[in-house]
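**Student:** What follows is a structure written as structure tokens; I'll ask about it next.
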Amino acid sequence: MDDNLATIATPLRRIQEEGGDGNFVIFVADEEKNYYIQFVAARGAMRLYAEAASNDFVSQGFVLGADQIALLQSIGWEPPTYSSPNFHRVWEAADDNDRLLIANEVMRAFVEVYGLSPNQSLDVKLALEDLSDVRRIFGSTANGGASRAYYSLGPNQPIDEKSEYERKNTSSSRPRIPERVRIEVWRRDEGKCVKCGSREKLEYDHIIPLSKGGSNTARNIELLCEKCNRSKGGNIG
């Protein structure tokens, strides 16, 4: 249990102290069942927004029962809504003690609601918005801003939210994919192209383009590598 508390608290500190405005970390308790809790935070901010997997996203055959849902809500998690389809809550953390308290609550949810053994290790996927790393890998963006660089706790693996092709061929007024949606798509597609399985030069692709009435929802967005995305062109699907 103590090892898991450190496993949770350390990445929480990193998404508050490193990266940029769109940092997130996903703690996966069971890949097969798709039980996870994820956090979003901005560098320098005390606020931590958290989501716990709802029945919309857990694997078939492993949905939460009414008693599990009631327990999750009784320990502070808000029920899913249209705009936030996972269970969710907000914490504020000013120091390591606060983060350890949050880690305790995360483990409580995993153990009491999702059935995790207290000593079972968690899979951790950390994502930081880091301007220097992204410029080193991709070069500066057309407008001088930063793309996204996504990491696991193993080897660093970049993923570009907006490719050079998209930056040159789309309007600056194009609606931004919401943070929550990007996290859910990246987690669902396991950080790889859904067409060929590549983990290189990944992009967020709209299955139905925005110009043809598509939406910025997880159901309409998938991960494609640059090559597969270019071969798709403006086609639907």
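**Student:** Quick check: is even one residue across the stretch 39-54 in contact with a helix residue (DSSP H, G or I) (Cβ under 6 Å, 6 or more places away or on another chain), farther than 15 Å from Val113 by Cα and not in a loop (DSSP other than H, G, I, E, B)?
**Tutor:** yes
**Student:** Whether any residue in the stretch 28-50 is in contact with a His (Cβ under 9 Å, 6 or more places away or on another chain) and surrounded by 14 or more Cβ atoms within 10 Å (Cβ to Cβ) is what I want to check.
**Tutor:** Yes: the stretch 28-50 contains one or more residues that are in contact with a His (Cβ under 9 Å, 6 or more places away or on another chain) and surrounded by 14 or more Cβ atoms within 10 Å (Cβ to Cβ).
**Student:** Could you check Val90 against (1) of a type in the set (Val, Ile, Thr); (2) over 17 Å from Asp30 (Cα atoms); (3) over 19 Å from the mean Cα position of the chain (by Cα) and say which number it fails?
**Tutor:** It fails just one condition, (3).
**Student:** Next up: Name every residue in the stretch 12-32 that is assigned to a loop (DSSP other than H, G, I, E, B) and in contact (Cβ under 8 Å) with a residue 40 or more places away in the chain, in order of residue number.
**Tutor:** Within the stretch 12-32, Glu18, Gly19, Gly20, Asp21, Gly22, Glu31 qualify.
**Student:** Also, quick follow-up: Starting from residues that are in a loop (DSSP other than H, G, I, E, B) and in contact with a Lys or Arg (Cβ under 7 Å, 6 or more places away or on another chain), keep the ones in the stretch 65-83 and report whichever is most open to solvent (accessible area, probe 1.4 Å).
**Tutor:** Gly76
**Student:** Could you look through the stretch 221-232, keep only residues that are without any contact (Cβ under 8 Å) to a residue 40 or more places away in the chain and outside any strand (DSSP E or B), and pick out the one that is most open to solvent (accessible area, probe 1.4 Å)?
**Tutor:** Among those that are without any contact (Cβ under 8 Å) to a residue 40 or more places away in the chain and outside any strand (DSSP E or B), it is Lys227.
**Student:** Another question, then. Considering only the stretch 190-220, how many residues are assigned to a loop (DSSP other than H, G, I, E, B), open to solvent by less than 20 Å² (accessible area, probe 1.4 Å) and either among the β-branched types (Val, Ile, Thr) or closer than 24 Å to Val58 by Cα (or both)?
**Tutor:** Of the residues in the stretch 190-220, 2 are assigned to a loop (DSSP other than H, G, I, E, B), open to solvent by less than 20 Å² (accessible area, probe 1.4 Å) and either among the β-branched types (Val, Ile, Thr) or closer than 24 Å to Val58 by Cα (or both).
**Student:** Among the numbered criteria (1) open to solvent by 20 Å² or more (accessible area, probe 1.4 Å); (2) among the hydrophobic types (A, V, I, L, M, F, W, C); (3) modelled with pLDDT under 85, which single criterion is violated by Val181?
**Tutor:** Of everything listed in (1) open to solvent by 20 Å² or more (accessible area, probe 1.4 Å); (2) among the hydrophobic types (A, V, I, L, M, F, W, C); (3) modelled with pLDDT under 85, Val181 misses just condition (1).
**Student:** Which of the numbered conditions does Gln60 fail, given that it passes all the others? Conditions: (1) among the polar types (S, T, N, Q); (2) outside any loop (DSSP other than H, G, I, E, B); (3) open to solvent by 30 Å² or more (accessible area, probe 1.4 Å).
**Tutor:** The number of the failed condition is (2).
**Student:** Please work out which residue is most open to solvent (accessible area, probe 1.4 Å), limiting yourself to the stretch 84-118 and to residues that are of a type in the set (Lys, Arg) and assigned to a helix (DSSP H, G or I).
**Tutor:** In this case the residue turns out to be Arg108.
**Student:** Now a separate question. Among the residues of the stretch 49-64, which ones are under 15 Å from the mean Cα position of the chain (by Cα) and either at pLDDT 95 or above or of a type in the set (Gly, Ala, Ser) (or both)?
**Tutor:** Ala50, Ala52, Ala53, Ser54
The values are calculated or read from the model by the stated rules, or taken from the named source; none is laboratory data. Model, not experiment: these values are computed from the prediction. Cβ: placed from backbone, ideal geometry, glycine included. Neighbour counts: every protein chain shown. Side chains included, ligands, DNA and RNA excluded: accessible areas come from the protein's heavy atoms. Shrake-Rupley method; radii C 1.70, N 1.55, O 1.52, S 1.80 Å.
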